[in-house]
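The next block holds one structure in the form of structure tokens; read it before the comments.
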Amino acid sequence: MALFQCNFYSEALMMNTSMNVILPQHTRTQIGMDNIKSGDKHPTLYLLHGLTDDDTAWLRRTSIERYVADLGLAVVMPQVHQSFYTDMAQGNRYWTFLNEELPEIARSFFPLSEAREDNYVAGLSMGGYGAMKLALRRPDQYIAAASLSGALDMSNPVFWKDFPMNYNHIFGEEDIRGTDNDILHLLQQCDQTVGPKPLLYQCCGTEDFLYEHNQTFRNVCTRTDLKLTYEEEPGDHNWEYWDNKIQDVLKWLPLRKR
């Protein structure tokens, strides 16, 4: 595998930002690694960080590079600070960055596939929210989305008691229920639209403080025709759990045979 630490200018954010990118590399003599490369343009997983992390978190706290080595899968890990992947009321346009600019820039720098069947998104906690929001709002671009301990019921006022963030700083005075920032609304909206729908994966530890919020998401999703793979087991909101479950996510991804 090849690892790129990429610093670049974002027009959407109007500032310099960063992403870490893992690219497949076929090797024959590297000890302890089975690396493969599949085709000229790589299938891509956009892997999103949580509230207190950054674009280095998945690299520093899991073995993600080793986990994808034999899959021929590129991984793009962007920096979004504490934005909840949203065009913030008091901050930058991180939804525009994630949805529009990031894939375009990443593909201009690296040989990443543009095909829907080759594009996936996953994230933990705040990143789980971002992953589901991206796939449900852009089912034409992403075939699958995975949430690990995701913040999936953010329209519930109780949610904000558990986070040291100001709701108005993110969303302003708007009640996000029934809007494009409400994941539960997006589930129903995506279900009613004509066209492709993403495959969904959701997991949460039973000791996680977001467990009940994840149950709400699961219950709403089961009332739609969207295909959801749901897993729960003992676990908390920590990297021991996420390092384990990202391996399950990679096994679940509908990677095309090449």
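Points to keep in mind about this one:
- Tallying residues that are without any contact (Cβ under 8 Å) to a residue 60 or more places away in the chain and either part of a loop (DSSP other than H, G, I, E, B) or surrounded by fewer than 13 Cβ atoms within 10 Å (Cβ to Cβ) (or both) within the range 189-211 yields 9.
- Residue count for the range 183-194, restricted to those that are at pLDDT 90 or above and farther than 20 Å from Met126 by Cβ: 5.
- In the range 234-248, the condition of being in a loop (DSSP other than H, G, I, E, B), touching a Leu at 6+ places or on another chain (Cβ under 8 Å) and among the β-branched types (Val, Ile, Thr) is met by no residue.
- Val75 being over 27 Å from His213 (Cα atoms), touching a strand residue (DSSP E or B) at 6+ places or on another chain (Cβ under 6 Å) and surrounded by 24 or more Cβ atoms within 10 Å (Cβ to Cβ): yes
- One residue stands out among those in the range 104-127 that are part of a helix (DSSP H, G or I) and touching a residue at least 40 places away in the same chain (Cβ under 8 Å): the one that is farthest from Met154 (Cα to Cα), which is Phe109.
- Flag: Thr96 does not match the condition of being more than 17 Å from Ile143 (Cβ to Cβ), touching a residue at least 24 places away in the same chain (Cβ under 8 Å), surrounded by 23 or more Cβ atoms within 10 Å (Cβ to Cβ) and among the polar types (S, T, N, Q).
- Taken over the range 1-34, the criterion of being farther than 26 Å from Glu100 by Cβ and among the charged types (D, E, K, R) is satisfied by Arg28, Asp34.
- Restricting the first member to the range 160-182 and to residues that are under 20 Å from Thr96 (Cα atoms) and at pLDDT below 90, and the second to residues that are among the hydrophobic types (A, V, I, L, M, F, W, C) and in a loop (DSSP other than H, G, I, E, B), the beta-carbon pairs closer than 6 Å and six or more apart or on different chains are Ile170/Phe84; Ile170/Met88; Phe171/Ala89; Gly172/Ala89.
- Scope the range 37-65; condition surrounded by fewer than 20 Cβ atoms within 10 Å (Cβ to Cβ) and either of a type in the set (Asp, Glu) or free of Cβ contacts under 8 Å to residues at least 40 places away in the same chain (or both); matching residues: Lys37, Asp40, Thr52, Asp54, Thr56, Arg60, Glu65
- Residues within the range 24-50 that are under 25 Å from Ile143 (Cα atoms) and in a loop (DSSP other than H, G, I, E, B), tallied: 12
The values are calculated or read from the model by the stated rules, or taken from the named source; none is laboratory data. This one's a predicted model, so the numbers in the text were calculated from it and none came from an experiment. Virtual Cβ from ideal backbone geometry, glycine too; neighbours counted across all protein chains shown.
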